Amino acid sequence: MTATAERAPAPPRASPLGWIKERLFRNVWSGFVSVVLIAVVAYMGYRAFAFVFINGQWDAISRNLANFMIGRFPRDQIWRLVAQILLLGLGLGVGAGTASGTARDKAEESGLTYEPPTLLGTLRRFWSLIAFVVVILFMAGTRGPWLVAGGAVVLGYIGWQSWRLPRTVRLLSWLVTGLLLLAAFQVVSGTDGLAWVPVALVVAMAAWLVVPVDRLDSPWRQLAGLGAAAAGVAIVYLIYQEIAAPGVGWDQWSGMNLTLWWSAIVITLAFPAGLLLGLARRSSLPALRYLATTYIELIRGVPLITLLFMGEFILGFMLPAGTSLSSISRSIAAGTLFTAAYVAEIIRGGLQSLPLGQTEAGQALGMGTPVILRKIVLPQALRAVIPAMVGQFISLFKDSSLLFIIGVTDFLRVRAIVHAQPDFRVVAHAETLVFVAIGFWAIAYAMSRESQRLERKLGVGVR
Amino acid sequence: MTTEQVFTDATRASGKALIEVSGVDKFFGDFQALKDININVGLQEVVVVIGPSGSGKSTLIRCINRLEKHDHGTIIVDGIELSDDVRNIQEVRRETGMVFQQFNLFPHLTVIDNITLAPRQVRRMPKKEAEELAMRMLERVKIPEQAHKYPGQLSGGQQQRVAIARSLAMQPKVMLFDEPTSALDPEMIKEVLDVMVELAKGGMTMIVVTHEMGFARAVANRVVFMSDGQIVEVGPPEHFFTDPQEDRTKLFLSQIL
């Protein structure tokens, strides 16, 4: 890194009184505006304070915390959610640790020393989320939630220690991350039916990658990779035959839990789908290009609500007779189809922002199109579109509140349960709205901050 | 100038033609960028192409590694004819290095990663070996100490030298230079030209599109003058600069010298 240019010395600091005089009362007009604005802000601050600490009926929330978090989820199965939160803590910890380990290797390769993130830094990064969780924990007033949250944090910290692991096991720890996240899902949803499929996919991908690419000649490499992947699939399938056990189907999921999983799953599916669509739209094969363009323009012309309804009422005709899909599966399909079209357009924008010279340089070096895409074009194009992409994902996360129209009880819709209770039929509507709004904001704001951080981090050395 | 003359000149340097361009036309829509181009380049020969902007110089060398597709005629590089066959194109590109006016380094990769990318991905070279090769190339262009910086942290001249090292790492048989010093500040032109002179002395076959007449005089075996998509005049620099035959050449030289 080059040193930043030396700054001009800061002007001498004015006294507080001088600052007020200079900034707020420079002349009659600015003094007048300042007085009016201060009065308005003070009044609104007073009203907000009174609402939060004096008038607000917050027992509408504290008595319904479980409803807001998990809605209609069967209460005798709560142990599954506890296990889920603990597994999530561990899985996210290992994932973050593995990412940090990659950063460490990169720093050391360039002769820099790697500084792991500090506790204070992490608190600041996720302060909105942490504050929201802490408020909920205090409102809950019992010991259980504190223990679960504390356990998840401890497990996350233990998992994060994986950043110390050497580079040789990095692939393995990514595999562990993926499996832990899937386990967190399946400890609730159950291990029967098709539950083995996503696990088999993750294992097959890892097995394919683990075959030493640089050592073998190409036909053998392909064959060995395929063999390893097939073996992985078979092993996973056999294990799942043994441990098959039904869980709580996700037609019973609701509340914040559902909102988070729904958004996470749709984002995970829509990103690769949108990436392929975006590339197809710029393909040199006309058929592919027209197909992608038609799809994107069709989907973008339709409101998400319409797609959700269509998923609910039309998807059934297109599936083989006898298959039944829960409303949530249908809405995930609709949300993915919808978001993928927007992601594709964002990615197309990123691709077009790259100078043609980048591709030409790759071609002149004898690289084929796949290598140019993977190593030159996509790393730059994706970095350029991080803000737009995260914006799209934040917007999708908030759009999950539309799910109520197909009978799903999402975080916002929990209000209907609350206000059906005799105590809160007519009161506390504002309180529940504010609570839901803050919940959405805490998560959306954390996503936004992470995106800004990622932008800064990836922008290193590039002007 | 007849075709025979060009061929005789071409084989003069070594007796063997590495690149054979014959009867090449190139159109951009209705505009004809290249008109019946015939030129051969011998092994270890340095050919400098000059001419006014828009005369087709860049298009010509971009046709030689198929960044542009020619419409008529044949281009043969080291015995491989350029056709629509993707494998032929890849093979030719592996044997021709290219240096661009705008450097076109990969800004998201460090200098050493810029250089090792193609050997590792295209030649499947193990990482360690590729990095040793990259360091040798960086020493050749005299900036090994910049290996772990990003292109954005280097000066223009340093970036262009990295671009040369990046091409050399593929161990090409011929290097194409597309106005390599035109985007540089004047004080940085020399450091790049010095590297190119070293390359030429080392026996690299080179085709250089440039406005640096000093370089052409000192290094070129032949100078090619192009105008309006045609080769107007070809000759060794000692004749070309002192005794040009064509009126258009005389006019051009009088404007730039």
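Hey, residue B:83 hits all of (1) part of a strand (DSSP E or B); (2) small (Gly, Ala, Ser); (3) surrounded by fewer than 20 Cβ atoms within 10 Å (Cβ to Cβ) but one; which does it fall short on?
The number of the failed condition is (1).
Here are some residues: A:152, A:224. Which one is of a type in the set (A, V, I, L, M) and either within 22 Å of the chain's Cα centre (by Cα) or not in a helix (DSSP H, G or I) (or both)?
Only one candidate passes the filter, namely A:152.
Against the condition of a type in the set (A, V, I, L, M), assigned to a loop (DSSP other than H, G, I, E, B) and in contact (Cβ under 8 Å) with a residue 12 or more places away in the chain, how does residue B:105 come out, does it pass?
In short, yes.
Here is a yes/no grid of residues against (1) in contact with a Leu (Cβ under 9 Å, 6 or more places away or on another chain); (2) closer than 19 Å to residue A:389 by Cα:
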{"site": "A:278", "(1), (2)": "yes, yes"}
{"site": "A:289", "(1), (2)": "no, no"}
{"site": "A:319", "(1), (2)": "yes, no"}
{"site": "A:356", "(1), (2)": "no, no"}
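Applying the selection to region A:180-205, what residues are within 14 Å of residue A:246 (Cβ to Cβ) and of a type in the set (Val, Ile, Thr)?
A:187, A:188, A:191
Quick test for you: out of A:376, A:394, pick the one residue that is part of a helix (DSSP H, G or I), more than 13 Å from chain B (Cβ to nearest Cβ) and either of a type outside the set (D, E, K, R) or surrounded by 21 or more Cβ atoms within 10 Å (Cβ to Cβ) (or both). Give the derivation first.
Details: A:376 fails: more than 13 Å from chain B (Cβ to nearest Cβ).
Just a single option satisfies the conditions, and that option is A:394.
Quick check, is residue B:51 buried (at least 22 other Cβ atoms within 10 Å of the Cβ), within 13 Å of chain A (Cβ to nearest Cβ) and either in contact with a strand residue (DSSP E or B) (Cβ under 6 Å, 6 or more places away or on another chain) or modelled with pLDDT of 95 or more (or both)? If you could, list the steps in order and put the result at the bottom.
Values: buried (at least 22 other Cβ atoms within 10 Å of the Cβ): yes; within 13 Å of chain A (Cβ to nearest Cβ): no; either in contact with a strand residue (DSSP E or B) (Cβ under 6 Å, 6 or more places away or on another chain) or modelled with pLDDT of 95 or more (or both): yes.
Taking the combined requirement at face value, the residue does not satisfy it.
I'd like the residue in region A:347-373 that is without any contact (Cβ under 8 Å) to a residue 12 or more places away in the chain, part of a helix (DSSP H, G or I) and in contact with a helix residue (DSSP H, G or I) (Cβ under 8 Å, 6 or more places away or on another chain) and, out of all such residues, is farthest from the other protein chains (Cβ to nearest Cβ).
Residue satisfying both the conditions and the ranking: A:363.
Among A:384, A:340, A:344, A:388, which is the only one that is surrounded by fewer than 22 Cβ atoms within 10 Å (Cβ to Cβ), under 30 Å from residue A:306 (Cβ atoms) and either of a type in the set (A, V, I, L, M) or within 14 Å of chain B (Cβ to nearest Cβ) (or both)?
Just a single option satisfies the conditions, and that option is A:388.
Please state which one of A:265, A:239, A:243 is modelled with pLDDT of 95 or more and not acidic (Asp, Glu). I'd like the intermediate steps shown before the answer.
Numbers: A:239 fails: modelled with pLDDT of 95 or more; A:243 fails: modelled with pLDDT of 95 or more.
That would be A:265, the only listed residue that is modelled with pLDDT of 95 or more and not acidic (Asp, Glu).
Which residue out of B:110, B:96, B:59 is within 8 Å of chain A (Cβ to nearest Cβ), of a type outside the set (Lys, Arg), over 27 Å from residue A:458 (Cα atoms) and buried (at least 16 other Cβ atoms within 10 Å of the Cβ)?
Values: B:110 fails: over 27 Å from residue A:458 (Cα atoms); B:59 fails: within 8 Å of chain A (Cβ to nearest Cβ).
From the options B:110, B:96, B:59, the qualifying one is B:96.
Scan the helices (runs of 4 or more DSSP H) fully inside region A:64-149 and keep the ones with 2 or more residues being closer than 22 Å to residue A:452 by Cα and small (Gly, Ala, Ser).
Fully inside region A:64-149 and qualifying: A:78-109, A:127-140.
Condition check: of a type outside the set (Phe, Trp, Tyr) and at positive phi. Does residue A:71 satisfy that?
Considered against the rule, which asks whether it is of a type outside the set (Phe, Trp, Tyr) and at positive phi, residue A:71 comes out as yes.
Based on this model, can you work out whether residue A:37 counts as surrounded by fewer than 17 Cβ atoms within 10 Å (Cβ to Cβ) and assigned to a helix (DSSP H, G or I)?
Against the criterion (surrounded by fewer than 17 Cβ atoms within 10 Å (Cβ to Cβ) and assigned to a helix (DSSP H, G or I)), residue A:37 qualifies.
I'm trying to understand the selection: among the residues of region B:113-144, which are crowded, with 20+ Cβ neighbours inside 10 Å and not in a helix (DSSP H, G or I)?
B:141, B:143, listed by residue number.
Have a look at A:143, A:221 and point out the one that is closer than 24 Å to residue A:439 by Cα, free of Cβ contacts under 8 Å to residues at least 24 places away in the same chain and among the basic types (Lys, Arg).
On inspection, the qualifying residue turns out to be A:143.
Report, by residue number, each residue of region B:121-132 that is closer than 11 Å to residue A:365 by Cβ and more than 8 Å from chain A (Cβ to nearest Cβ). Please lay out each step first, then the result.
Going through region B:121-132, the residues closer than 11 Å to residue A:365 by Cβ turn out to be B:121-123.
The one that is closer than 11 Å to residue A:365 by Cβ and more than 8 Å from chain A (Cβ to nearest Cβ): B:123.
Just checking, how many residues over region A:278-326 are among the aliphatic types (A, V, I, L, M), in a helix (DSSP H, G or I) and within 23 Å of residue A:250 (Cβ to Cβ)?
Summing the residues that are among the aliphatic types (A, V, I, L, M), in a helix (DSSP H, G or I) and within 23 Å of residue A:250 (Cβ to Cβ) in region A:278-326 gives 7.
Take residue A:268 and tell me if it is touching a strand residue (DSSP E or B) at 6+ places or on another chain (Cβ under 9 Å), closer than 17 Å to residue A:392 by Cα and of a type in the set (Val, Ile, Thr).
No.
If we keep just the residues of region A:150-172 that are touching a residue at least 60 places away in the same chain (Cβ under 8 Å) and farther than 12 Å from residue A:90 by Cα, which is surrounded by the most Cβ atoms within 10 Å (Cβ to Cβ)?
Filtering region A:150-172 for residues that are touching a residue at least 60 places away in the same chain (Cβ under 8 Å) and farther than 12 Å from residue A:90 by Cα, the one surrounded by the most Cβ atoms within 10 Å (Cβ to Cβ) comes out as A:163.
Scan (1) over 30 Å from residue B:168 (Cβ atoms); (2) surrounded by 15 or more Cβ atoms within 10 Å (Cβ to Cβ); (3) of a type in the set (Ser, Thr, Tyr) for the single condition residue A:268 breaks and write down its number.
(2)
If residue B:75 meets every condition in (1) in contact with a Leu (Cβ under 7 Å, 6 or more places away or on another chain); (2) within 13 Å of another protein chain (Cβ to nearest Cβ) apart from one, which number is that one?
So the condition that residue B:75 fails would be (2).
The values are calculated or read from the model by the stated rules, or taken from the named source; none is laboratory data. Every value quoted in this text rests on a predicted model; they were computed, and no experiment measured them. Positions of Cβ are backbone-derived with ideal geometry, glycine not excepted, and every protein chain shown enters the neighbour counts.
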